[in-house]
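What follows is a set of notes on a single structure, which appears directly below.
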Amino acid sequence: MKGSQKRHIAKTITWRVIASATTFVLALVFFQDHPNAMENATGIAIAESILKMLFYYLHERAWYKSKFGISAEK
């Protein structure tokens with residue numbers, strides 16, 4: 001695996017931790033009166049995390065390979 005791919009994966013994971021924690025807290029606030037608030041918020045955060053991690057990685061790779069992105073490698 002190339003260095004740029006490892007970097008993109010690391011960025012994807014660290015960003016997902018921050019973004020998913022935010023989603024979890026928001027879902028918990030929205031479901032606070034529901035008896036299964038914790039389970040609902042957890043389910044939303046997990047589904048959102050998996051999907052958006054995949055989409056972010058694909059987006060990052062597309063930009064990296066396109067003529068519009070600025071390449072980190074020379």
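Every number here is computed from the coordinates shown, using simple stated rules; none is lab data. Computed from a predicted structure; not experimentally measured. Reconstructed Cβ throughout: ideal geometry from the backbone, glycine too, with neighbour counts over all protein chains shown.
Figures for the structure shown
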item	result
In degrees, nearest ten, helix 3-30 long axis to first principal axis of the chain (Cα)	20
Segment 36-67-segment 4-32 distance, computed between alpha-carbon centres (Å)	8
Modelled FRET efficiency - R0 22 Å, ALA10 with GLU39, Cβ distances, 0.05 increments	0.15
Computed [θ] at 222 nm, deg cm²/dmol, the chain (DSSP H ≥ 4; -39,500 (n - 2.57); rounded to nearest 500)	-27500 deg cm²/dmol
C-alpha long axis of helix 37-65 to longest principal axis of the chain, angle in °	10
Given charges at Cβ of Lys, Arg, Asp, Glu: the chain dipole, positive-most of THR12, ALA45, VAL25	THR12
Point-to-point label distance, PHE68-VAL29, nm (Cα→Cβ direction, 7 Å offset)	3.2
Estimated dipole of the chain in Debye, rounded to 20 [Cβ of Lys and Arg +1, of Asp and Glu -1, Cα centre]	760
